[in-house]
Amino acid sequence: MLSTLRHRLHETFVRWALRERPPEPVPIILTQRRVYVLPTRAGVAYAVALGVILLGAMNYNLSLGHGLVFMLAGLGIVTILHTFRNLVLISLRPGRCEPVFAGGTAQFSLVLDNRRPDARTSLRLSIANLEPVEVDIEARGSKVAILGHPATRRGWLPLPRVTIETTWPLGLVRAWSYAAPALDCLVYPAPAARAPPLPWSGDSARGTTRDGRGADDFSGLRKHQVADAPRHVAWKAVARQHDGPLLTKLFAGASAQQVWLDWHALPEMNDSEQRLSILARWMLDADAAGLAWGLRLPGLQLAQNQGQEHLAAGLRALALYRDGTR
């Protein structure tokens, strides 16, 4: 009950502190009104120690004790100013986030700009209470901070609220601020660990592969891959070997294999996420084998093609699939 109340109060404070409804327009500048300062535990202990020393100096009428207390108190006040200045007026803007598969880690990049003539030291950035990333920014320079976040589900993963803080130089006070830049990461479905073989059909042998492998003239053997058609396995060569690996026949010519990855060709299952995982595995296997492949989803069809751009388009379609639509 108490933790829930603390969480609600914290979220209310954060919404007020952001000043803008997320996502914020860029560049995000941490102005004086957005930077907050409070003593750390070390700072509280420092203040208590000064109080004890002051009481002792007053009790024994020690002039040097008074001088020591006033000097250390002045040092603490100056520390507040330097910690505040180390964070204020930093500018943030979103960078890039490459697509990842579900179960991996999304790598969000943020660009920090320092427009002042003094360096910024020991800045820590964190999201969702994960391990913070510490960066230093040179005078009038920029720095890219990479923030990792678990990608648990396919689709768009927005960058959570970012907390940027510093306790430099003495660790007695903590200055912090919040930012909510607009940055999303595309999360592909996790490829199935075990999937049925690629759906070969009778008319699958046509077109051209990217490495010139075709079905006209025999040109050699290579190690068998999961995506290879069973009819291309060199069974006679395998039979001559004792516990040897499966080998696939290579052909040179203009024709090669193409395959359709069809939602309706999948085994009967109620879990659409499992279907998407199998399709993702098929895409990767077909691309690794150099096949031209097409995708058929309810409400969407990608023509047969090959290459990294085609693979990215297919995985994107799977990532954004929603009830028969993209």
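The values are calculated or read from the model by the stated rules, or taken from the named source; none is laboratory data. Every value quoted in this text rests on a predicted model; they were computed, and no experiment measured them. Cβ coordinates were reconstructed from backbone atoms using ideal geometry, including for glycine residues, and neighbour counts include every protein chain displayed. Note: accessible area is taken over every heavy atom of the protein model, side chains too, but ligands, DNA and RNA are not part of it. Shrake-Rupley method; radii C 1.70, N 1.55, O 1.52, S 1.80 Å.
Return the residues of region 259-284 that are among the polar types (S, T, N, Q) and surrounded by fewer than 22 Cβ atoms within 10 Å (Cβ to Cβ); say none if nothing qualifies.
From region 259-284, those among the polar types (S, T, N, Q) are 270, 272, 274, 277; that's our starting set.
Scanning region 259-284 gives 270, 272, 274.
Given the conditions (1) of a type in the set (Ser, Thr, Tyr); (2) surrounded by fewer than 18 Cβ atoms within 10 Å (Cβ to Cβ); (3) within 30 Å of residue 43 (Cβ to Cβ), and given that residue 105 satisfies all but one, which numbered condition is not satisfied?
Of (1) of a type in the set (Ser, Thr, Tyr); (2) surrounded by fewer than 18 Cβ atoms within 10 Å (Cβ to Cβ); (3) within 30 Å of residue 43 (Cβ to Cβ), only one is false for residue 105: (3).
Among the residues of region 119-147, what is the count of those that are within 20 Å of residue 159 (Cα to Cα), out of contact with any His (no Cβ under 9 Å at 6 or more places or on another chain) and not acidic (Asp, Glu)?
Adding up the residues that qualify gives 13.
I'd like the residue in region 184-203 that is open to solvent by less than 20 Å² (accessible area, probe 1.4 Å) and touching a Phe, Trp or Tyr at 6+ places or on another chain (Cβ under 8 Å) and, out of all such residues, is modelled with the lowest pLDDT. Talk me through it step by step, then tell me what you get.
Let us first name the residues in region 184-203 that are open to solvent by less than 20 Å² (accessible area, probe 1.4 Å), namely 185-187, 189, 192, 198.
Filter once more, keeping what is touching a Phe, Trp or Tyr at 6+ places or on another chain (Cβ under 8 Å): 185-187, 189, 198.
On the way: 185: 96, 186: 97, 187: 97, 189: 96, 198: 78.
Residue satisfying both the conditions and the ranking: 198.
Would you please name the residue that is farthest from residue 188 (Cα to Cα), looking only at residues in region 286-326 that are touching a Pro at 6+ places or on another chain (Cβ under 9 Å) and crowded, with 16+ Cβ neighbours inside 10 Å? Walk me through it before giving the result.
Going residue by residue through region 286-326, those that are touching a Pro at 6+ places or on another chain (Cβ under 9 Å) are 312, 315-316, 318-319, 321, 323-325.
Add one more test, that the residue is crowded, with 16+ Cβ neighbours inside 10 Å, and what stays is 315, 318-319, 321.
Details: 315: 6, 318: 7, 319: 5, 321: 10 Å.
Per the criteria, the residue is 321.
Look through region 151-183, keep the residues that are crowded, with 16+ Cβ neighbours inside 10 Å and hydroxyl-bearing (Ser, Thr, Tyr), and return whichever of them is nearest to residue 32 (Cα to Cα).
So, considering only residues that are crowded, with 16+ Cβ neighbours inside 10 Å and hydroxyl-bearing (Ser, Thr, Tyr), the one nearest to residue 32 (Cα to Cα) is 177.
Looking only at residues that are open to solvent by 90 Å² or more (accessible area, probe 1.4 Å) and modelled with pLDDT of 75 or more in region 4-21, which one is nearest to the chain's Cα centre (by Cα)?
Selected residue: 15.
Which one is surrounded by the fewest Cβ atoms within 10 Å (Cβ to Cβ), of the residues in region 78-101 that are under 12 Å from the mean Cα position of the chain (by Cα) and part of a strand (DSSP E or B)?
At the first step, the residues of region 78-101 found to be under 12 Å from the mean Cα position of the chain (by Cα) are 95-101.
Add one more test, that the residue is part of a strand (DSSP E or B), and what stays is 100-101.
Details: 100: 19, 101: 17.
Looking at the filtered set, the residue picked out is 101.
If you check every pair at least six apart or on different chains, which have Cβ atoms under 6 Å apart with a residue in region 40-64 that is over 20 Å from residue 171 (Cβ atoms) and assigned to a helix (DSSP H, G or I) first and a residue that is of a type outside the set (Asp, Glu) and open to solvent by less than 100 Å² (accessible area, probe 1.4 Å) second?
From region 40-64, the pairs are 54/69; 57/65; 57/66.
Matching residues to (1) assigned to a strand (DSSP E or B); (2) buried (at least 18 other Cβ atoms within 10 Å of the Cβ); (3) out of contact with any Lys or Arg (no Cβ under 7 Å at 6 or more places or on another chain):
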| residue | (1), (2), (3) |
| --- | --- |
| 110 | yes, yes, yes |
| 113 | yes, no, yes |
| 121 | yes, no, yes |
| 129 | no, no, yes |
| 136 | yes, no, no |
| 148 | yes, no, yes |
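Can you find even one residue in region 43-59 that is closer than 30 Å to residue 315 by Cα, open to solvent by 40 Å² or more (accessible area, probe 1.4 Å) and among the hydroxyl-bearing types (Ser, Thr, Tyr)? Break it down stepwise before answering.
Filtering region 43-59 down to residues closer than 30 Å to residue 315 by Cα leaves none.
Checked against the condition, which is being closer than 30 Å to residue 315 by Cα, open to solvent by 40 Å² or more (accessible area, probe 1.4 Å) and among the hydroxyl-bearing types (Ser, Thr, Tyr), region 43-59 yields no hits at all.
How many residues are touching a helix residue (DSSP H, G or I) at 6+ places or on another chain (Cβ under 7 Å) and part of a loop (DSSP other than H, G, I, E, B) when one looks only at region 162-194?
11
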